[in-house]
Amino acid sequence: MTKLKLSALGQLGPDVAVPRYDPRTLTTGIVHFGVGGFHRAHQAMYIDRLLNAGGHTDWGICGVGVLPGDVRMRDVLRAQEGLYTLVTRSPGGETETRVIGAIHEFLFAPDEPEQVIEKLANPATRIVSLTVTEGGYSLNNATGEFDPSGADIVHDLQPDAVPRSVFGLITEGLRRRRERGIPRLRWCPATTSRATAT
């Protein structure tokens, strides 16, 4: 079995579509929290199509993980140089296999909070998007409003705290953008659904 790497793309054969761009040339235009199957099978796939059209290398994705389980995604993506395989099936049963290279970097926030915040504050970043479970939005089940009582939120509200939650990280990134006179980000929240990408 061929290990998925940039240097091995030419060995995958004609039945596997590979990026027509070099992922190493990408710069981040999107910071995405929650790089699960839904994101990889949808948003990252559409960005891959855009990148394959040419002339859009400033729309690479920087994936961000905040939960302990995200270490595995970081390690897999780094080992595969950001590449992964997506297999889609049509209603008629036909399959298409393609290698996606749109996620050109991945940051694990607990280990790299400053890098995440600076990526959010970077003028080249124009969109922040999320695919997190419903529980990740810290909503009160009775009122539907934001619930600030979660441990990470309480931590992030302390003066000079290094943010731990998605919202703390984004808030600090936005604060730095405002302080530096950088235009605001586009906000694209979504919830997860079942999708498979490996």
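The values are calculated or read from the model by the stated rules, or taken from the named source; none is laboratory data. These numbers were taken from a predicted model, which means no experiment stands behind them. So basically every Cβ, Gly included, is an ideal-geometry build from the backbone, and we count neighbours across all protein chains shown. What goes into the accessible areas is simple: the full protein's heavy atoms, side chains included, and nothing from ligands, DNA or RNA. Shrake-Rupley method; radii C 1.70, N 1.55, O 1.52, S 1.80 Å.
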**OP:** Filter the stretch 90-108 down to the residues that are crowded, with 16+ Cβ neighbours inside 10 Å and among the β-branched types (Val, Ile, Thr), then identify the one that is farthest from Ile30 (Cα to Cα).
**Re:** Val99
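Conditions tested, residue by residue: (1) over 22 Å from Ala121 (Cβ atoms); (2) surrounded by fewer than 15 Cβ atoms within 10 Å (Cβ to Cβ).
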| residue | (1), (2) |
| --- | --- |
| Lys5 | yes, yes |
| Pro19 | yes, no |
| Asp22 | yes, yes |
| Val31 | no, no |
| Gly37 | yes, no |
**OP:** For the stretch 138-183, enumerate the residues that are among the hydroxyl-bearing types (Ser, Thr, Tyr), over 15 Å from Val64 (Cβ atoms) and open to solvent by 50 Å² or more (accessible area, probe 1.4 Å).
**Re:** Thr143, Ser149
**OP:** Go through the stretch 140-167 and give me each residue that's touching a Leu at 6+ places or on another chain (Cβ under 8 Å) and modelled with pLDDT of 90 or more.
**Re:** Pro163, Val166
**OP:** Can you tell me which residue within the stretch 72-84, out of those that are in contact (Cβ under 8 Å) with a residue 24 or more places away in the chain and either more than 16 Å from Ile61 (Cα to Cα) or not hydrophobic (A, V, I, L, M, F, W, C) (or both), is most open to solvent (accessible area, probe 1.4 Å)?
**Re:** Arg78
**OP:** Tell me, please, whether a residue that is in a loop (DSSP other than H, G, I, E, B), open to solvent by less than 60 Å² (accessible area, probe 1.4 Å) and among the hydrophobic types (A, V, I, L, M, F, W, C) can be found in the stretch 40-63.
**Re:** no
**OP:** For Pro19, state whether it is part of a loop (DSSP other than H, G, I, E, B) and either touching a His at 6+ places or on another chain (Cβ under 6 Å) or touching a residue at least 60 places away in the same chain (Cβ under 8 Å) (or both).
**Re:** yes
Subject >> Val87 vs. criteria in contact (Cβ under 8 Å) with a residue 60 or more places away in the chain, in a strand (DSSP E or B), among the β-branched types (Val, Ile, Thr) and surrounded by 19 or more Cβ atoms within 10 Å (Cβ to Cβ) >> reply: no
Original post:
In the stretch 109-131, how many residues are open to solvent by less than 40 Å² (accessible area, probe 1.4 Å) and either part of a helix (DSSP H, G or I) or among the basic types (Lys, Arg) (or both)?
Top reply: 5
